[in-house]
1. For Ser7 and Leu151 in the same chain, what is the full-extension length gain: residue separation times 0.36 nm, less their Cα-Cα distance, in nm?
2. Averaging over every viewing direction, what projected area does the convex hull of the Cα atoms of the range 2-195 cover, in nm²?
3. Mind listing the long-range amide H neighbours of Arg5? Cut-off is under 5 Å, sequence gap 5 or more, other chains count too, H placed in the peptide plane at 1.01 Å from N.
4. How charged is the neighbourhood of Asp89? Take every other residue with its Cβ under 15 Å from the Cβ of Asp89, and add Lys/Arg as +1 and Asp/Glu as -1.
5. From the backbone phi of the range 102-108, what are the Karplus-calculated ³J(HN,Hα) couplings (6.51 cos²θ - 1.76 cosθ + 1.60, θ = phi - 60°) in whole Hz, Gly and Pro given as x?
6. Where does the charge balance sit around Val52 when Lys and Arg score +1, Asp and Glu -1, over other residues with C-beta under 14 Å from its C-beta?
7. Within the range 2-195, count lysine pairs with alpha carbon atoms under 19 angstrom apart where the residues are 8 or more positions apart or belong to different chains.
8. Ranking Arg202, Arg37 by Cβ neighbours within 10 Å, fewest first, what do you get?
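Each value in this text was obtained by applying a stated rule to the coordinates, not by laboratory testing. This one's a predicted model, so the numbers in the text were calculated from it and none came from an experiment. When we count neighbours, we look across all protein chains shown, and the Cβ atoms used for this are built from the backbone with ideal geometry, even at glycine.
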Amino acid sequence: MKITRQSIQNRIIHWGVALSVGGLVVSGMFQLPLAKRYNIDKLLEWSGEYFVGLSVHYIFAFLLVFFAFFHLAYHILRGEFDIFPKKGDIKNSYLVIKAMITGSKEPPSGKYLPEQRLAYLAIGLTLLLLIVTGLVKTYKNLLGFDIPNGLYFWAAQLHNLGTILIIVLVILHLLAFIPKANRKLLPAMFGGKVEAEYALERHCLWEECVKEARKGDFGGNLAESNKADSVESVLDSRQDLADSSKQDSVDSVREFRRDSSDSKK
């Protein structure tokens, strides 16, 4: 059985942003004398033409802005914040990475791993930097408005810095799939689904996943039966974790009341 992890909308946005960023980096490089220096213009004639490359850059920039703002508006209006960073993500990211290296048990995760949420924040802030500084440059270059030289200088420098950062972050994003534990997430960005057994084992705090698994049919052959046993084991562990947390809260309240009563006496 497979669990739906990424909707068609999420996949379109993901690949739209990936295409836009790739197009921006390449067309931005072509605005430098790289195309002619390395004879790229002999394969792509337009790559050696500055204004053609600039126009292509603006097209990809428009696509990036569209996908980025549609993504934010869509999820904010729907109240979907699973990918947004949460308290404790830095510590839990360390524990997850440590577990992948040492083979120890990972802390329970929701739909997204803590390091995925931190990566989302880093990439998101970098894209915001590129968009804002790109708009400043566009304001002068495309619309012809006069802006202070100091502002344009720093916009250009920060835009270059953002370009380097986004290239590094994309490389790190791809390297994250080297660990075997992360490879099972790849199919979700193409077909939208992951194996239920994997999702329940590693993302047991993901509510929608648990509900979908409970409604699913794990019967059939022996292999499917073994999967069912594994899933039920994860579900039981998840319930035990929730019960334990509730009991700890109850004990804390009782202890607080007992201390208050003793102090009054």
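1. Values: separation 144, 0.36 × 144 = 51.84 nm, distance 4.08 nm.
Additional length available on full extension: 47.8 nm.
2. Average of the hull's projected areas for the range 2-195 equals 13.9 nm².
3. For Arg5, the qualifying residues are Lys193, Val194.
4. Charge balance near Asp89 sits at +3.
5. With coefficients 6.51, -1.76 and 1.60, one gets 8, x, 7, 7, 7, x, x Hz.
6. Taking every Cβ under 14 Å from that of Val52, the sum is -2.
7. 18
8. On the way: Arg202 20, Arg37 10.
Listing Arg202, Arg37 from fewest to most nearby Cβ atoms yields Arg37, Arg202.
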